[in-house]
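Coordinate-derived values only; no laboratory data. Everything quoted here is computed from the prediction, not taken from an experiment. Heads up, the Cβs are rebuilt from the backbone with ideal geometry, glycines too, and the neighbour counts pull from every protein chain shown.
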Amino acid sequence: MMNVYLRSFVASIVLSLMLGASSYANNFSQVPRPDSTKSKQKVSTKITDTRLNKPAYLKNGVKVSFIPFKPAKDNFFMNSKFMSTSKAGLNDKVLNNVKVYPNPISDQLNLSFNVSKEATVTVKIMDVLGNEITTLLSERIAAGDQNKPFQIASRITSGFYFIRVSVGSEVITKRISVL
């Protein structure tokens, strides 16, 4: 009988050890362990200026150097200097009132224009691609209204062209149609 008690005692010890070991294993697996993927340290990428006499900046790091707007005491548009320069600016053009007639053209082209001072005038016929076809006039002309006729029947074929009148750096272009 003692043998039965001893066996039951040993069995209970073994059973309790087994249950205790499994509960210990369960408790051990539930203990939070630090995970290398979850516990990454935050790295600061902010660059700071450690100079002693650093300049003043806004919060976003942009240096500001605004000059405040101070309107003039007199009205800008009513200023006599502004008005006199704008009137003189209108008269600075040398080439004015360029007219080409008749349009469409069959054999003769009439060109009228006004030159405000003596200057060299160049009149060219250009195709639609900007290639020069012919030069009709290139000479020094006195100031005043000008009316020049040109025979073009033998020079160009029918189609669309441009007349380019230039005086110095001023260029005026007119479109013509030749029949």
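P(r) for the range 94-178, please, calculated from all Cα pair distances in 5 Å bins and given in %.
P(r) for the range 94-178, in whole percents per bin: 3, 14, 29, 26, 16, 9, 2, 0.
Using +1 on the beta carbon of Lys and Arg, -1 on that of Asp and Glu, and nothing else charged, what's the dipole of the range 94-178 about the Cα centre, debye to 20?
The calculation lands at about 80 debye.
So, in nm, how far is label Asn131 from label Asn110 when the simple model puts each one 7 Å beyond its Cα toward the Cβ?
Between Asn131 and Asn110, the label points sit 3.2 nm apart.
Give the peptides 121-129, 160-168 in descending order of average Cβ contacts within 10 Å, highest first.
Taking the mean over residues of other Cβ atoms within 10 Å, the ranking is 160-168, 121-129.
Please give me the summed charge of the neighbours of Arg155: other residues whose Cβ is under 14 Å from its Cβ, Lys and Arg +1, Asp and Glu -1.
In short, -2.
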